[in-house]
1. Once every DSSP H run of n ≥ 4 in chain B is given -39500 (n - 2.57) and the sum is divided by its residues, what mean residue ellipticity at 222 nm do you get, rounded to the nearest 500 deg cm²/dmol?
2. Taking the Cα centre as origin and putting +1 on Lys and Arg beta-carbons and -1 on Asp and Glu beta-carbons, what dipole magnitude results for the protein assembly as shown, to the nearest 20 debye?
3. How crowded by other chains is A:94-106, given as the mean number of beta carbons from other chains within 10 Å of each beta carbon?
4. Using the alpha-carbon atoms, what tilt in degrees (0 to 90, nearest 10) does helix B:290-302 show relative to the longest principal axis of chain B?
5. For a test of the definition: using alpha carbon positions, the gyration tensor, and the 1.5 limit on a/c, classify the stretch B:82-154 as rounded, prolate or oblate.
6. Taking the DSSP beta bridges in the protein assembly as shown as the whole, what percent of them are antiparallel, to the nearest 5?
7. Quick one: if the Förster radius is 22 Å, what FRET efficiency do residue B:107 and residue B:296 give, using the C-beta to C-beta distance and rounding to 0.05?
8. In the neighborhood of residue B:152, defined by Cβ-to-Cβ distances under 13 Å, what is the net charge if each Lys or Arg adds +1 and each Asp or Glu adds -1?
2 protein chains.
Amino acid sequence: MRGAVLYAPGDVRVEDRPDPTIEEPTDAVIRLAATCVCGSDLWPYRGIEPVNGPSPMGHEYVGIVEEVGRDVHTIKPGQFVVGSFFASDNTCEICRAGYQTSCIHRQPGAPTGAQAQYARIALADGTLVATPDQPDPDLVPGLLAASDVLGTGWFGAVAAGVEPGKTVAVVGDGAVGLLGVLAATQLGAERIIAMSRHEPRQQLAREFGATDIVTERGDEGVARIKDLTDGLGAHSVIEAVGTQESMMQAIRSTRPGGHVGYVGVSHDVRLPGEEMFFSHVHLHGGPAPVRRFLPELIDLVCTRTIDPGKVFDLELPLDEAAEGYRAMDERRAIKTLLRP
Amino acid sequence: MRGAVLYAPGDVRVEDRPDPTIEEPTDAVIRLAATCVCGSDLWPYRGIEPVNGPSPMGHEYVGIVEEVGRDVHTIKPGQFVVGSFFASDNTCEICRAGYQTSCIHRQPGAPTGAQAQYARIALADGTLVATPDQPDPDLVPGLLAASDVLGTGWFGAVAAGVEPGKTVAVVGDGAVGLLGVLAATQLGAERIIAMSRHEPRQQLAREFGATDIVTERGDEGVARIKDLTDGLGAHSVIEAVGTQESMMQAIRSTRPGGHVGYVGVSHDVRLPGEEMFFSHVHLHGGPAPVRRFLPELIDLVCTRTIDPGKVFDLELPLDEAAEGYRAMDERRAIKTLLRP
């Protein structure tokens with residue numbers, strides 16, 4: 001099969017790779033309908049995370065089940081399925097509490113890489129969720145978004161305590177931040193302030209339900225949020241970047257007693273204890289337990305209630321993955337969909 | 001009047017000071033029935049926080065209202081009242097959300113110092129809660145505990161998401177940690193693990209409802225908590241110390257999806273972002289909004305449902321405050337009650 005491999009920062013190649021096979025009796029092999037490039041793929045692509053030898057890439061996937069292991073009982077060949085970046089048994093105490101990304105049997109969801117024609121999926125019964133029917137082709141991008149960025153933005157909104165009547169701010173205008181806006185809308189937020197200085201992203205934020213746009217960052221951005229909220233700060237802030245600056249911007253934009261939901265993967269962040277203490281914020285986040293939300297998100301996409309697939313503003317054949325990475329790295333594209 | 005003043009680390013003196021008077025129309029002046037030394041008073045006493053000139057001490061108080069300003073309408077002279085360390089209007093949006101210690105009009109609760117015969121209390125209507133009747137003398141220590149350490153332990157338990165069926169761990173065996181145990185018992189925790197290596201404090205923790213005692217600290221303490229919880233960690237951890245070690249011990253003792261409630265005033269703490277991210281814990285805390293809980297806590301004390309006054313294991317006349325500080329500094333006493 002064809003699959004994308006990262007050899008070194010900036011060096012992604014699509015090449016012939018071995019077809020994945022069932023290795024554990026709980027595995028499935030799927031044929032990908034679509035896959036994509038994640039903001040988190042850019043960390044090693046940019047050399048900020050180390051690249052330790054050639055690495056198969058991709059962890060967002062939807063597709064048709066080709067084959068299942070002998071211990072897979074609920075997932076069947078021929079089903080259209082959505083999974084996410086970590087495999088989970090979905091039965092342990094941690095999974096049952098809704099934290100499948102900390103499952104006691106957690107492992108990479110697509111260890112053979114999902115930017116490929118086929119992928120092996122671990123713990124298939126726990127990890128994969130089948131759609132009710134074969135989806136119409138135009139729904140595939142939305143289902144692919146559910147696999148990671150929608151589920152992550154949704155978790156950010158839930159972790160930020162978004163509910164009807166709340167004022168929400170979103171730090172980060174990548175696909176996750178934009179889908180955090182969409183999630184906040186669905187969860188009933190009264191006011192949603194998107195922090196973005198990029199016109200096309202502001203536009204999409206508004207389509208997803210943002211009521212206000214703040215272009216300032218850092219302390220100036222915080223001051224603007226305070227201006228918009230009677231000097232108090234937002235009730236709920238979704239952090240979707242993962243840097244020291246973005247985390248502090250999120251914490252300082254939140255009113256006392258409010259909630260920060262942080263889903264940007266933390267890089268070199270150190271939170272100052274005394275400021276946290278006196279901020280009175282609730283802080284929660286981490287790798288989104290997308291599996292918790294998948295049944296609901298699949299339903300919202302399949303009933304055409306939401307269209308998270310709009311975050312894909314570039315679509316390329318899998319063989320052109322390198323251009324997909326470049327376009328995202330240069331912020332020419334929000335998110336690249338790849339057709340295997 | 002007589003009042004305690006900290007001149008320098010280790011140098012507390014009780015001396016003649018001016019009687020407090022009504023300065024703002026929202027003030028009250030109270031005659032103290034009892035006051036006490038707080039664990040947080042030990043930070044400047046030990047020189048860990050700077051002492052900027054002679055400072056009147058004390059912020060925990062119960063007593064009889066002597067006089068009120070012309071804009072005080074609900075609190076009346078002659079009432080027995082309980083207040084806490086910050087004054088709050090109890091009407092702003094932040095107060096109404098239950099975060100009175102971040103009130104938009106927040107100020108020190110007893111600016112003239114509460115380790116004294118009399119104290120001026122700011123924003124009396126918002127800050128003070130009257131008991132239903134004049135309490136029996138044996139209830140006074142419990143009401144004094146409600147003023148700070150019980151309210152703080154209670155907030156720690158609430159912030160840690162304690163509820164029926166949960167396993168709770170408590171880091172810190174000072175008065176706040178011990179009353180965190182009592183709060184967890186009242187909130188219905190199934191199992192309460194107190195972390196303490198001091199026999200008399202272990203004893204009191206058991207009286208307050210602890211089911212298990214862990215004497216190890218740091219990584220070993222974390223390993224013992226994991227041993228006791230099927231390898232997962234506690235659902236809820238109350239942190240009542242405020243150091244880097246105690247915060248990390250609390251975070252690492254919590255299962256993914258669990259809650260850390262931190263009420264130890266942070267000193268030189270830096271929380272590592274990546275570890276926080278992958279820990280999946282909820283983090284909440286800060287200066288306890290004792291005012292939120294006072295009506296309930298006063299009721300529990302006055303109906304003799306709980307006896308938080310047991311944390312006072314040393315009682316001295318106000319004039320011997322210096323010995324009260326020394327005894328706590330040397331860990332000879334858990335908490336010193338002072339009789340003005």
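No lab work stands behind these numbers, since they all come straight from the coordinates. The shown structure was predicted, so the numbers you read here are calculated from the model rather than taken from an experiment. Reconstructed Cβ throughout: ideal geometry from the backbone, glycine too, with neighbour counts over all protein chains shown.
1. -8000 deg cm²/dmol
2. The dipole of the protein assembly as shown has a size of about 180 debye.
3. 3
4. Long axis of B:290-302 versus the principal axis of chain B: about 90 degrees.
5. Values: a/c = 1.86, a/b = 1.47, b/c = 1.27.
In terms of gyration-tensor shape, prolate.
6. 55 percent
7. Once rounded, the FRET efficiency stands at 0.35.
8. Its environment carries a net charge of 0.
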